[in-house]
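Undergrad: I have a structure here, written as structure tokens, and I will follow up with some questions on it.
The values are calculated or read from the model by the stated rules, or taken from the named source; none is laboratory data. In this text the structure is predicted, and so the values were computed from the model without any measurement. To get the accessible areas, we keep the full protein, side chains included, count just its heavy atoms, and leave off ligands, DNA and RNA. Shrake-Rupley method; radii C 1.70, N 1.55, O 1.52, S 1.80 Å.
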Amino acid sequence: MSAPVLSIIILAAMFLLATVLPLNMGALAFVGAFLLGSVVLGMSTNDILANFPGGLFLTIVGVTYLFAIAQNNGTIDLLVRGAVKLVGNRVALIPWVMFAITAVITAVGALSPAAVAIIAPIALSFAGKYKISPLLMGMMVIHGAQAGGFSPIAVYGVTVNGILAKTDLAFSPTALFPVELHLQPGHRAGALRGPGWQEPHVLQGGAVRGAGS
């Protein structure tokens, strides 16, 4: 059996074990990497460790730790509520505020799932308060996270630009980010425009009705 096929099998087994059992997927990945490298490929410990992305690991740990502190001390909540106050009684702009804040958080280095986990509860609380469609608000948060995900200093941007740097392809580290930032609002509109779609509009009292209302 070839090494690529074994790698896929080990990866599938890792996901299965982490899903069924209370095991850390990162720890399982280390075990799988050493088993594949040493037993199957005959690599030395130094060779296996040489392939570990230390720079990316440090970026993920540092940024995640930073935003965990910002979330726990109320900084993120203060930022969101301050931004919502800026739009005043223009309630229809609140989903776009959530989009922008999530995009900024992701762009400066937070992982997209982490940014969504931080902003989504706050966004949905505003959706309930101002009677905005939860589907609309959730989609804006998710697409905001994706819009900022390919910033040159974001995890995904660092990963993609690092891979491209090892190839002969011509690329610009700053080119992918504005393209993704521009496309995500269109993706959001296209995703929501399904059966039963209604354009969001302001109701009496400032409430917003949209998809799923």
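Undergrad: Accessible area per residue, 1.4 Å probe, Å², for segment 63-164: what's the number?
TA: Values: 4650 Å² over 102 residues.
Averaged over the residues of segment 63-164, the accessible area is 46 Å².
Undergrad: Between L79 and F57, what length in nm is gained on full extension when 0.36 nm per residue of separation is reduced by their alpha carbon distance?
TA: Details: separation 22, 0.36 × 22 = 7.92 nm, distance 2.74 nm.
Separation in residues times 0.36 nm, less the Cα-Cα distance, equals 5.2 nm.
Undergrad: So if each residue of separation counts as 0.36 nm, and I subtract the Cα-Cα distance between Y65 and L35, what length gain in nm does that give?
TA: 7.8 nm is the gain from fully extending Y65 to L35.
Undergrad: Please give the Cα centre distance for segment 21-84 versus segment 159-180, rounded to the nearest Å.
TA: About 22 Å separates the Cα centre of segment 21-84 from the one of segment 159-180.
Undergrad: Here's something else I'd like to know. Ratio to report: Rg/Rh of segment 1-122, with Cα atoms as the point set and Rh obtained by the Kirkwood method; give two decimals.
TA: On the way: Rg = 20.5 Å, Rh = 17.6 Å.
Answer for segment 1-122: 1.16.
Undergrad: Which value does Rg/Rh take for segment 101-149 over its C-alpha atoms, Rh per Kirkwood? Walk me through the intermediate numbers first.
TA: On the way: Rg = 10.3 Å, Rh = 10.4 Å.
Here the Rg-to-Rh quotient is 0.99.
Undergrad: Determine the share of segment 1-152's accessible area contributed by carbon and sulfur atoms, expressed in whole percent, with a 1.4 angstrom probe. List each step's numbers first, then the result.
TA: Numbers: 6290 of 8490 Å².
Whole-percent figure for carbon plus sulfur exposure: 74.
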